[in-house]
Amino acid sequence: MFSPVYTLRSITRLVNVSDLISEALDKEFEELFQELYPMAYRTAYGVIGNSQDAEDVAQTIFLKLLRRKFPPELKKNARAYVYRAAVNQSLNLIQQRKRQVLTDDAEQFEVRPAPQAFESAEETHRRLYEAVAELRPESAHILILRYVHNFSDAEIARLLGTSRGTIAVSLYRSRVRLRKLMRAPLLGGKS
């Protein structure tokens, strides 16, 4: 049986090759980060509406990528992968916050007065983000691509691998559902 003999020179070459591979991966990740972080942040901000949370979401995505090997989906279409990760992470954050019960907040348990005729823009945005979180993830993805990233129906269809007609129908249905969800609290009921 052959047993390899390692010399200091061969070990040094192995270490150098390992360092080169590590540097190449670091450079590849750095380029990916520089290119896609702004899009991940914009997407998260479009879903959540809070800059600090959007930064947290974008950073979480890249930290997860850094801690594990690049998934095959990332290598196929990095923009689509990071975009979908940003939407999913953002929707998860919204759902977590809705489930979270703050027992030390006594105001939460008080009866709320009837809604005011005109609400603040901040309150409207908060309700919109909650309504988007109520949609199916696929519908939320399409809405965000259309209204946050200003993609055309055709561009969205190409990105998601479907027809433009399917995207148009989904956008129509999502807008109808959003209207219902947005009106429900004002009318005192659920959709």
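The values are calculated or read from the model by the stated rules, or taken from the named source; none is laboratory data. The model shown is predicted, which means the values in this text are computed figures rather than measured ones. Counting neighbours? That spans all protein chains shown, and the Cβs are built from the backbone with ideal geometry, glycine included.
Of everything in the stretch 52-94 that is hydroxyl-bearing (Ser, Thr, Tyr) and within 18 Å of residue 145 (Cβ to Cβ), the residue that is surrounded by the fewest Cβ atoms within 10 Å (Cβ to Cβ) is 81. Does residue 146 fit the bill of being out of contact with any strand residue (DSSP E or B) (no Cβ under 7 Å at 6 or more places or on another chain), modelled with pLDDT under 90 and assigned to a helix (DSSP H, G or I)? Criteria met by residue 146. Residues that are farther than 18 Å from residue 150 by Cα and in a helix (DSSP H, G or I) within the stretch 36-51 comprise just one, 51. When 13, 42, 99, 68 are checked against the criterion of being at pLDDT 85 or above and out of contact with any Asp or Glu (no Cβ under 8 Å at 6 or more places or on another chain), a single residue qualifies: 42.
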